[in-house]
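Right, one structure below, let's go through it.
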Amino acid sequence: MPAERPILNPTLRLLMEPVPVAGPGGGKSRRTIQASRLAAQRSALASSFQQLRTTSTRFAASGSTTLVVARMFEDSLAPSHTPNDLFSADVGCRFVAPLGDGYLIEAEERAFSFLAARAASSDRVTHMSDISRVESVSALGRDDVLRGRSLEELWERGLECDGGRLFTTWLMPYASEQAREALIQQFIALAGTTTLTLPSERPEPTGAIAQTAAARAIREYRASAGVGRSLVRLQSPEDLRRIVASGTVFRMDPVRPVTLSEAPASPANENVVPRGVGPIVACIDGGMTNPAYAVAEAWRVTPLVSDGDADTAHGNAITSLVTHAAALNPSLQLPEIECRFGVAQAVPHPGAAGVYLPDDLFDLLTRISTSQRETRVWNLSFNLADHDDDPEHVSDFGHQISRIARIAGVLPVVSIGNRRGTARSLLPPGDAEAALTVGGRVADAGAPGAPCSACCSGPGPDGMLKPEVSWFSPVAVAGGDRVVGSSYATALVSGLAAHTFERLKEPTPDLVKALLISKAERPEHDPSIGWGTPFRGAAPWECDRGTVTLAWNAALEPGFDYYWRDIPIPSEMIDDDGRLVGGASLTAVLEPITSPFAGPNYFSTRVEVALQHLNHNDKWGNLLGTMRESTLDEETARSDLKKWNPIRHHRKDSFRVGASTQPRLRVRARLYTRNLFQPGHPTRGGIPPQRVAFVLTLRTKHGDDGVYNSMVQDLGAFVDSAVIEQNIEIQI
């Protein structure tokens, strides 16, 4: 019989408002001019602009505008070097999309004469800075659309369907309404000569969204002012060549199949029976056919995948773990919780006869988000069969999952994927920024141990640190079968996330994510197991012995440093020499603005955070975090500090530093932006406050439980319980 679990204190909610202080400004100056290459770039760019002015190569759909690729030098990728003074609106230029090494710019025909003159002779400081930073300019062409692939390679990567192959196309993102309308007419004409429809086997959506893929793309393109995405079936390589050469698309991605880990046939025989209690987790999987679990079923939607094609063995296994993993695995260190589940039969088995498309799944998730609003956690224990062609960029699959989840206010819990063949790294949608991505690890005497060799590893594209957490991937499922894979670790995390949502007074997906990451044990991120496992005896909404945790949501605007001042340092963390001793962690999760095109330079907002202490010289110093992301060169900040990762997690398990005679802490945060020229993005001056979830934990050196009472007493009216129906009682 397990030992009686100690009663733990609830996580606290910080009610203190931050103090905003206007931060230092920046900008281009003579110091930002790369003088050593200015003369050479004047000549090179002026020549390129003259060539663009005289060339007859124009995309027919653009009318009098051309999409230009401006590539930057490697030392000029920081947002502060965006060449918006050279390519200014007054000469007919508009930035439309970020690229991996530069920008996509729409230029009116008249612009090139002005640009050539500027490049050749302008003595304006901002122009000279831009000229010295832009490496090359050229019209967007076929090679840019193919992104380094040949037509043959792209064709072979497309998923076979109904005698053709499937691709995701993105319409040219023109900023000009006139250019967009001209493109739409050409796209409609192209549909008459090229197969732009979905396969006939596709279950047709109902209601307002019942339309062809081409019609949907056009509608979205008009509504979003330049973002049009369409799933198309092409009958031949010639169809592919025709679309690429048409000037209507700037990107084409091959559709890849969804895959699951190997799963046994799960028999209906049960040793343990669920009680049908707890919060609801949406199981987006192969369905659930085990009658023993009917008591725990909260809802079921119309199947996307037919019964004959659905991977019900995998669905049964995942759902049983979501429902009561601890009961099925009594030898493992798991929380004794139960959940109910919703069934979305959406994933086929490997030998399925039908073709099931990503857009069908996205439609299903959208319907679930509106019909099952009480379900705040989605379990997605599946991945694409392999990487997109550029795994360094966020996949369309991951982007669409995040987009739907952000609108719905839900937390997708996603598997990182399983190794197969030469594939070793993260598989989409493990790269979804809104998701909590889960890796696998084996058990060591019932506790989380080493990484599981069957599971993929991170870190993830565009600076993301994935997976964030990990848990047991070899487990027992309904019927006693033993299985291995990241799918099963994901199910363990989903149940804990759902209970965290249920326990908090003001839960948000990012606050739940932050609490689970904060509870993990590792100070540094590991590409296989992330920051560790979010449970080692205390739940995410509880404080471990000898600790106190503060959690809160905030809204930040760019241009300000925000300070949560006068956070007391409990006396239990000051030693006899007056030094601050113990450990701490600070986690911040930003709800970022992201590129509507997925792909490179995905994040348009980021946040920097630090926990600071007043030292023995009465100066503020960084205890956690460095705030150096903005001072290092862009390449180093991206590679070493993962500058644009929307999750900031800083942790030290042990420190001993000098403290003021009036010791106190403060949390500092600042929001930064880039690439706000994209469709649907606000301008920098009009950007609304951006939501950030914070979790701060302080740990005493010797596990002194008095730290909790001290923090509650010292903060007084600025703190209350973050947990529903649990009063804070100070132990005297």
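One residue is enough: does segment 379-390 have a residue meeting the conditions part of a helix (DSSP H, G or I) and under 24 Å from residue 503 (Cα atoms)? No, there is no match, as no residue in segment 379-390 is part of a helix (DSSP H, G or I) and under 24 Å from residue 503 (Cα atoms).
Against the test of being over 21 Å from residue 25 (Cβ atoms) and among the polar types (S, T, N, Q), the options 690, 678 yield a single qualifying residue, 678. Which one is farthest from residue 499 (Cα to Cα) among residues in segment 704-725 that are in contact (Cβ under 8 Å) with a residue 24 or more places away in the chain and in a loop (DSSP other than H, G, I, E, B)? Step by step, filter segment 704-725, then rank; the result is 704. Would you be able to say whether some residue in segment 651-662 is buried (at least 20 other Cβ atoms within 10 Å of the Cβ), assigned to a strand (DSSP E or B) and in contact with a Gly (Cβ under 8 Å, 6 or more places away or on another chain)? Yes; the residues of segment 651-662 include at least one that is buried (at least 20 other Cβ atoms within 10 Å of the Cβ), assigned to a strand (DSSP E or B) and in contact with a Gly (Cβ under 8 Å, 6 or more places away or on another chain). Within this structure, residue 639 passes the test of being in contact with a helix residue (DSSP H, G or I) (Cβ under 9 Å, 6 or more places away or on another chain) and either free of Cβ contacts under 8 Å to residues at least 12 places away in the same chain or of a type in the set (A, V, I, L, M) (or both). Of all the listed residues (164, 102), the sole one being modelled with pLDDT under 90 and out of contact with any Phe, Trp or Tyr (no Cβ under 9 Å at 6 or more places or on another chain) is 164. When residues of segment 282-311 are filtered for being of a type in the set (Ser, Thr, Tyr) and either in contact with a helix residue (DSSP H, G or I) (Cβ under 7 Å, 6 or more places away or on another chain) or buried (at least 22 other Cβ atoms within 10 Å of the Cβ) (or both), how many remain? Counting residues in segment 282-311 that are of a type in the set (Ser, Thr, Tyr) and either in contact with a helix residue (DSSP H, G or I) (Cβ under 7 Å, 6 or more places away or on another chain) or buried (at least 22 other Cβ atoms within 10 Å of the Cβ) (or both) gives 2.
Pick out the one residue from 136, 150 that is surrounded by 15 or more Cβ atoms within 10 Å (Cβ to Cβ), modelled with pLDDT of 90 or more and among the polar types (S, T, N, Q).
136
Each residue in segment 446-461 was checked for being farther than 15 Å from residue 429 by Cβ and over 17 Å from the mean Cα position of the chain (by Cα), and 10 pass.
Screening residue 412 on (1) closer than 26 Å to residue 159 by Cβ; (2) outside any strand (DSSP E or B); (3) not acidic (Asp, Glu) shows it passes everything except condition (2). Condition check for residue 629 on (1) within 27 Å of residue 406 (Cβ to Cβ); (2) surrounded by 15 or more Cβ atoms within 10 Å (Cβ to Cβ); (3) touching a residue at least 60 places away in the same chain (Cβ under 8 Å); (4) touching a strand residue (DSSP E or B) at 6+ places or on another chain (Cβ under 6 Å): one failure, at (3).
Within segment 420-471, the set of residues being assigned to a loop (DSSP other than H, G, I, E, B) and of a type in the set (S, T, N, Q) comprises 422, 453. Can you say whether residue 175 is modelled with pLDDT under 90, part of a loop (DSSP other than H, G, I, E, B) and farther than 23 Å from residue 397 by Cα, as far as the supplied structure shows? Taking the combined requirement at face value, the residue satisfies it. All of 442, 438 fail the test of being surrounded by 24 or more Cβ atoms within 10 Å (Cβ to Cβ) and either modelled with pLDDT of 95 or more or under 25 Å from residue 641 (Cα atoms) (or both), apart from 438. Of the residues making up segment 526-544, those that are in a loop (DSSP other than H, G, I, E, B) and acidic (Asp, Glu) number 1.
Being closer than 25 Å to residue 26 by Cβ, in contact with a Gly (Cβ under 8 Å, 6 or more places away or on another chain), surrounded by 21 or more Cβ atoms within 10 Å (Cβ to Cβ) and small (Gly, Ala, Ser) is a property that residue 70 has. How about segment 325-359: which of its residues are over 15 Å from residue 286 (Cβ atoms) and either of a type in the set (D, E, K, R) or in contact with a Lys or Arg (Cβ under 8 Å, 6 or more places away or on another chain) (or both)? Passing the criteria: 333, 336, 338, 340, 355, 357, 359. Taking the stated definitions as given, is residue 71 out of contact with any Cys (no Cβ under 9 Å at 6 or more places or on another chain), modelled with pLDDT of 95 or more, assigned to a strand (DSSP E or B) and not aromatic (Phe, Trp, Tyr)? In short, yes. Among all positions in segment 345-361, there is at least one residue which is surrounded by 24 or more Cβ atoms within 10 Å (Cβ to Cβ), in contact with a Pro (Cβ under 8 Å, 6 or more places away or on another chain) and not in a loop (DSSP other than H, G, I, E, B).
When segment 547-595 is limited to residues that are crowded, with 22+ Cβ neighbours inside 10 Å and touching a Gly at 6+ places or on another chain (Cβ under 6 Å), the one that is nearest to residue 658 (Cα to Cα) turns out to be 573. Within segment 513-529, at least one residue is buried (at least 18 other Cβ atoms within 10 Å of the Cβ) and under 20 Å from residue 18 (Cα atoms). Cβ contacts < 6 Å: first residue modelled with pLDDT under 95, restricted to segment 691-703; second residue part of a strand (DSSP E or B), any location; separation 6+ or different chain. Result? Note: pairs meeting the criteria are 701/581; 701/582.
The values are calculated or read from the model by the stated rules, or taken from the named source; none is laboratory data. Just so you know, these numbers come straight off a predicted model, no measurement behind them. So basically every Cβ, Gly included, is an ideal-geometry build from the backbone, and we count neighbours across all protein chains shown.
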